[in-house]
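Worksheet for the structure shown next.
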C-alpha cells in the first residue's frame with residue numbers, strides 16, 4: 001500500500017531519474033524486488049523501470065497508523081526474551097486474542113515476515129505471530 005498525503009512520483013532507477021508518472025495516494029501495488037542504495041534507503045520495484053522509496057510503503061496494515069515494518073533479511077532469528085512471547089493468530093494480529101501458547105524464554109525462532117498494526121509483529125511460521133518487543137533479533141533490520 002502506498003501511503004502519503006499526495007501522489008508519489010515513480011522513479012526510473014532507485015534514487016535517480018524521476019519520471020512524470022505518479023502513484024495515487026493510498027493505492028495498493030505489488031512489488032517484485034527491494035534494493036538498498038549506497039546512501040541507505042530501500043527502493044521497491046513495481047515492475048520494469050518503476051521504483052518508489054520505502055518511506056512511502058506501508059505493508060498491508062492500516063494506512064492511518066503510519067508505521068513502517070522492517071525488511072526482514074533472510075536468516076533472521078528472534079530469541080524470546082525473559083517472560084516468554086505470546087503467540088497470536090488471525091488476520092488482524094495483534095487485535096486478535098492471543099492463543100494460550102507462549103514461546104519459552106531463550107527459545108529461537110526463524111522470522112519469515114513482519115507487520116505493523118501499531119505494534120510490530122513477527123511471523124514465526126504459518127499464521128503464528130509474536131510481538132517484536134518480546135524478542136531480540138540477530139540481524140540489523142532495514143526500515
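Laboratory data are not the source of any read-out in this text; all were calculated from the coordinates shown. Everything numeric here is computed off the predicted structure, so don't read it as measured data. With ideal geometry, Cβ positions are generated from the backbone for all residues, glycine too; neighbour counts draw on all protein chains shown.
One table, with the values for the structure above:
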read-out: Whether the stretch 77-137 is rounded, prolate or oblate, judged on the alpha carbon gyration tensor where a/c under 1.5 counts as rounded; value: prolate
read-out: Estimated FRET transfer efficiency (residue 119, residue 139; beta-carbon r; R0 22 Å; 0.05); value: 0.60
read-out: Convex hull projection area averaged over all views, the stretch 8-56, Cα basis, nm²; value: 3.2 nm²
read-out: Extended-chain gain in nm, criterion 0.36 nm per residue less alpha-carbon gap, residue 20 and residue 35; value: 3.2 nm
